[in-house]
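Below: one structure, written as structure tokens.
The values are calculated or read from the model by the stated rules, or taken from the named source; none is laboratory data. No experiment lies behind these values; they were computed from the predicted model shown. Here the Cβ positions follow ideal geometry from the backbone for every residue, glycine too, while neighbour counts run over all protein chains shown. Side chains are part of the model used for accessible areas, which takes the heavy atoms of the whole protein and leaves out ligands, DNA and RNA. Shrake-Rupley method; radii C 1.70, N 1.55, O 1.52, S 1.80 Å.
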Amino acid sequence: MIPSQWSVGIEASGDEVMTMERIGELADAVAANGGIASGIGRPSYGITVLVTANDRDDAVSQATEILRTAARQANLPPWPVSRVEATSEEEAAAT
């Protein structure tokens, strides 16, 4: 199988509304991976990153690890993943 580029959006939800400062720290932590962070004003935080993977499961696994690492660096709670969207470059080109 030939690896593809995947855009993965992944979000974790909990019981605390995220502030601009907290999401800013997440953005700083995920910047090394070329990702962006989201969640200001919501009881969740998330990232969108590009990864190279053989399939959707591999892409989601990589993005989950990036989210978990960045959340630890930003001192965010280890909430459960509540949403995942993964699109390969082939899928994006077909739409």
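Some points to look at:
- Estimated inter-spin distance, residue 38 and residue 72, nm [label 7 Å along Cα→Cβ]: 2.6 nm
- Accessible area per residue for the chain is 56 Å², calculated with a 1.4 Å probe on protein heavy atoms, without ligands, DNA or RNA.
- Between residue 19 and residue 65, the contour length at 0.36 nm per residue exceeds the Cα-Cα span by 14.3 nm.
- In this label model, residue 5 and residue 93 are separated by 1.0 nm, measuring between points 7 Å along each Cα→Cβ vector.
- 0 to 90° range, to nearest 10: angle between helix 56-73 axis and the chain longest Cα axis: 20 degrees
- With the simple spin-label model, which puts each label point 7 Å out from Cα in the Cβ direction, the residue 50 to residue 82 separation comes to 2.9 nm.
- (1) -0.55, -1.11; (2) -0.67, -1.19; (3) -0.54, -1.01, with the label sought being that of the calculated log10 I(q)/I(0) by the Debye sum over Cα atoms at q = 0.15, 0.22 Å⁻¹: (3)
- Ratio of Rg to Rh over segment 38-88 (Cα coordinates, Kirkwood Rh, two decimals): 0.97
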